[in-house]
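Encoded as structure tokens, the structure appears first; notes follow it.
The values are calculated or read from the model by the stated rules, or taken from the named source; none is laboratory data. Please read all numbers here as calculations on a predicted model, not as lab measurements. Please note: Cβ atoms are built from the backbone with ideal geometry, for glycine as well, and neighbour counts cover all protein chains shown.
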Amino acid sequence: MYAAKRAASGFALYSAASDTNSAERLRLMGDLRQAIEANQLAVHYQPKADLSTGQVVGVEALARWQLPGRGLVPPDQFIPLAEHLGLIELLTFRVLNRALEQCRLWRSRGLEVGVAVNLSAHSLRDPELPEMVVQLLRTYDLPPSLLELEVTESAVMAEAERAGAILGRLHERGVRVSIDDFGTGYSSLAYLKRLPVDQIKIDRGFVRDMLANDEDAYIVRTIVELGHNLGLRVVAEGVEDRGTWDALAALGCDIAQGYVVSRPLPAESFPPWLEQSGWPVASSEADAAAS
Ligand code: G
Ligand code: G
Ligand code: MN
């Protein structure tokens, strides 16, 4: 009925695939609620490397839902579902908590890697988010600069004033803020200038074809220049091969993330990957000795 009312024609045909309350979807919602409440979501970590030194400077935490009998459900499916169920705050807390706990563990073993956590638009309307984050940093005794929060342009712009205030409170405490999927939204540059942001991540859609497509290469170059002119670090996402890595390094882009460095890894695979891949990493002992 609602679909029919929305359609210009005034009618719609029932199809199970578009039924947001199909039996299949209801079952999935129940399973997801259970998985989030019981803290059963996994978190994988994708390394990011400095384009000038090759040093691994951090990882992005990516939620994974392994559903028995259905395999791995991708986040673009379960994140919207968690939002719909009002479970996104709990999910965000779970992922943040897990990622910071992991960061702490790596640090205690001498690996100084920052973690980046994705926030949904809902989190940017949650006035309790900054305090929750600060508490978690205290719990794990971590410097705020080891945490980065990734927000998409569209999530910020949906309610720019409110989102800016919440991010500002985190930024004041030393937490890093990144604009994710940059270039796909419609952020006004005037607003970007005023946002408490440290970093922009160029959407992988532009990076993917930059060697073959002059327009994409031009867009990437323009974003790198824009970011640098605003005093921001620029990260390229979806860097899949060495040629793209070299092109980005030549443009002066700061950091690369993508399959050329590594796919997202389960936490326990990260230290062995570092060791045998040969990518250098900052050591927390060296830092401690230097200071
Ligand atoms: O690697 P991958 O397919 O997992 O990521 C797909 C999308 O899901 C990415 O855009 C990423 O930002 C988003 N995502 C992954 N984990 C989380 C999370 O914990 N919270 C939110 N809000 N988004 C996430
Ligand atoms: O920006 P977001 O937070 O949406 O980005 C994370 C997503 O990008 C995840 O789905 C991750 O698996 C995916 N990803 C990471 N590196 C690459 C890459 O080199 N190529 C492609 N196609 N996807 C990538
Ligand atoms: Mn991201």
Q. Does segment 20-43 hold any residues that are surrounded by 13 or more Cβ atoms within 10 Å (Cβ to Cβ) and assigned to a loop (DSSP other than H, G, I, E, B), and which are they?
A. Ser22, Gln40, Leu41
Q. Quick one: would you say Asp180 is over 30 Å from Gln135 (Cα atoms) and surrounded by 14 or more Cβ atoms within 10 Å (Cβ to Cβ)?
A. no
**Q.** Gly114 away from ligand 3 (no atom under 16 Å from the Cβ), out of contact with any Pro (no Cβ under 8 Å at 6 or more places or on another chain) and closer than 24 Å to Trp65 by Cα
**A.** no
Q: Note down all Cβ pairs under 7 Å where the first residue falls in segment 77-103 and is in contact (Cβ under 8 Å) with a residue 60 or more places away in the chain, the second is part of a helix (DSSP H, G or I), and they're at least six residues apart or on different chains.
A: Gln102/Ala267
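Among the listed residues Leu211, Leu248, which satisfies the condition of being more than 16 Å from ligand 3 (Cβ to nearest atom), touching a Gly at 6+ places or on another chain (Cβ under 9 Å) and farther than 30 Å from Leu124 by Cα?
On the way: Leu248 fails: touching a Gly at 6+ places or on another chain (Cβ under 9 Å).
Residue meeting the stated conditions: Leu211.
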Q) What are the residues in segment 85-119 that are within 13 Å of ligand 1 (Cβ to nearest atom) and more than 23 Å from Val134 (Cβ to Cβ), if any? A) none
Q: Please name all residue pairs, on different chains or six or more residues apart, with Cβ atoms under 8 Å, provided the first residue is in segment 169-195 and is away from ligand 2 (no atom under 16 Å from the Cβ) and at pLDDT 90 or above and the second residue is charged (D, E, K, R) and not in a helix (DSSP H, G or I).
A: His171/Asp198; Val175/Glu148
Q.
For segment 96-128, which positions are within 16 Å of ligand 2 (Cβ to nearest atom), buried (at least 21 other Cβ atoms within 10 Å of the Cβ) and not in a strand (DSSP E or B)?
A. Leu96, Ala99, Leu119, Ser123, Leu124
**Q.** Gln46, sole failed condition from (1) over 20 Å from Pro75 (Cα atoms); (2) surrounded by 14 or more Cβ atoms within 10 Å (Cβ to Cβ); (3) of a type in the set (S, T, N, Q)
**A.** (1)
Q | Enumeration of residues in segment 138-153 that are away from ligand 3 (no atom under 13 Å from the Cβ) and surrounded by fewer than 21 Cβ atoms within 10 Å (Cβ to Cβ) | A | Arg138, Thr139, Tyr140, Asp141, Leu142, Pro143, Pro144, Ser145
Q) In segment 226-244, is there at least one residue being in a helix (DSSP H, G or I) and within 14 Å of Val56 (Cα to Cα)? A) no
Q | Tally of residues being more than 13 Å from ligand 3 (Cβ to nearest atom), within 18 Å of the chain's Cα centre (by Cα) and among the hydrophobic types (A, V, I, L, M, F, W, C) across segment 172-191 | A | 1
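Among the residues of segment 40-55, which ones are touching a residue at least 60 places away in the same chain (Cβ under 8 Å), away from ligand 2 (no atom under 14 Å from the Cβ) and not aliphatic (A, V, I, L, M)? It would help to see each step written out before you state the result.
The first filter runs over segment 40-55 and keeps only residues touching a residue at least 60 places away in the same chain (Cβ under 8 Å), leaving 42-55.
Now narrow it down to the ones that are away from ligand 2 (no atom under 14 Å from the Cβ): 50-55.
Once the filter is applied, which keeps residues that are touching a residue at least 60 places away in the same chain (Cβ under 8 Å), away from ligand 2 (no atom under 14 Å from the Cβ) and not aliphatic (A, V, I, L, M), segment 40-55 yields Asp50, Ser52, Thr53, Gly54, Gln55.
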**Q.** Of the criteria (1) among the charged types (D, E, K, R); (2) without any contact (Cβ under 8 Å) to a residue 12 or more places away in the chain; (3) within 23 Å of Val281 (Cβ to Cβ), which one Asp141 fails
**A.** (2)
Q.
Could you check segment 233-245 and list, in sequence order, the residues that are touching a residue at least 60 places away in the same chain (Cβ under 8 Å) and either surrounded by fewer than 18 Cβ atoms within 10 Å (Cβ to Cβ) or more than 14 Å from ligand 3 (Cβ to nearest atom) (or both)?
A. Trp245
Q | Leading residue by the ranking (nearest to ligand 2 (Cβ to nearest atom)) among those in segment 56-81 that are outside any helix (DSSP H, G or I) and surrounded by fewer than 15 Cβ atoms within 10 Å (Cβ to Cβ) | A | Pro74
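Taking the stated definitions as given, is Phe206 in contact with an Asp or Glu (Cβ under 9 Å, 6 or more places away or on another chain), over 22 Å from Asp126 (Cβ atoms), modelled with pLDDT under 95 and within 16 Å of ligand 3 (Cβ to nearest atom)? I'd like the intermediate steps shown before the answer.
Working: in contact with an Asp or Glu (Cβ under 9 Å, 6 or more places away or on another chain): yes; over 22 Å from Asp126 (Cβ atoms): yes; modelled with pLDDT under 95: no; within 16 Å of ligand 3 (Cβ to nearest atom): yes.
Considered against the rule, which asks whether it is in contact with an Asp or Glu (Cβ under 9 Å, 6 or more places away or on another chain), over 22 Å from Asp126 (Cβ atoms), modelled with pLDDT under 95 and within 16 Å of ligand 3 (Cβ to nearest atom), Phe206 comes out as no.
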Q) Does segment 201-216 hold any residues that are closer than 18 Å to Gly185 by Cα, surrounded by fewer than 22 Cβ atoms within 10 Å (Cβ to Cβ) and more than 14 Å from ligand 1 (Cβ to nearest atom), and which are they? A) Arg208, Glu215, Asp216
